[in-house]
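The values are calculated or read from the model by the stated rules, or taken from the named source; none is laboratory data. Values in this document were obtained by computation on a predicted structure and should not be read as measured data. Quick reminder, even Gly has a Cβ in these numbers, built from the backbone with ideal geometry, and neighbours come from all protein chains shown.
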Amino acid sequence: MIIVAKDDILRTKTYSMQEITLATDEAEAGFSQQKALINQSIRGDAEAFKKLVEGFRSMVFNLSLRLTGDYNEALDLSQDVLLKIYLNLKSFRYQSSFQTWIYRLTINTARNRYYWWKRRRKQQTISLGSLQDIPQQRDIDDPEKLLLRNELKRKIQQGISRLRFHYSSVLILRDIEMLSYEEISQILNISQGTVKSRLSRARSLLKEHLKDYLRKMPQN
């Protein structure tokens, strides 16, 4: 039996509370700094705006790339989103996190472009970079496996691109961006139940798109 002194237990609990307090203080300090940058940006401080969006540029671009499947279109879309962030800062009311607000702007901008594309029957380009594509060392050592892996990614992105936007956006936010149901609900302004039902349908449709390809893949 392991006996732990009462004082040791109390010290352990105190230390854990100190960690929690420190993390809370850091979060509050980060929020205060972000709020200050937002207010300065609204007043026209370009340097403050640059600092404000610096940590979100890659997030906006990567999400744009996954939503459009086209590198050049994603560049254009992300620039459009950054401009909208600047123009709409006054409308941010802190009812959600700033990151959630940016996700919402990106999704809404991409949705508008999606329907613009649909009306003009634009042929979408498949981008391998739109999914997690860091190869494992064993794949690098095995060109055939790497080729199959890249082909699977292409098929997945192709399948996502063929989904209706309200399915593809939920799938990307949950399975690629790894956001919670609550966050997705806030971003898309729909209930968590609707998020789950759309996600289930999106996964089903993607699985249907991939079934013939997966059947032909060699089994290890």
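Structural remarks
- For the stretch 144-220, the helices (runs of 4 or more DSSP H) that sit wholly inside it and include 1 or more residues that are farther than 23 Å from THR100 by Cβ, charged (D, E, K, R) and modelled with pLDDT of 85 or more are 192-216.
- Complete set of residues in the stretch 162-172 that are buried (at least 19 other Cβ atoms within 10 Å of the Cβ) and either more than 13 Å from ARG203 (Cβ to Cβ) or in contact with a Ser or Thr (Cβ under 8 Å, 6 or more places away or on another chain) (or both): SER168, SER169
- Restricting attention to the stretch 6-60 and to residues that are among the aromatic types (Phe, Trp, Tyr) and within 22 Å of TYR94 (Cα to Cα), the residue that is modelled with the lowest pLDDT turns out to be PHE31.
- Note on the stretch 69-111: residues that are within 19 Å of ILE184 (Cβ to Cβ), free of Cβ contacts under 8 Å to residues at least 60 places away in the same chain and assigned to a helix (DSSP H, G or I) amount to 10.
- Checking GLN40 against (1) assigned by TED's automatic domain parsing to the domain that holds ARG162; (2) out of contact with any Ser or Thr (no Cβ under 9 Å at 6 or more places or on another chain), the condition it does not meet: (1)
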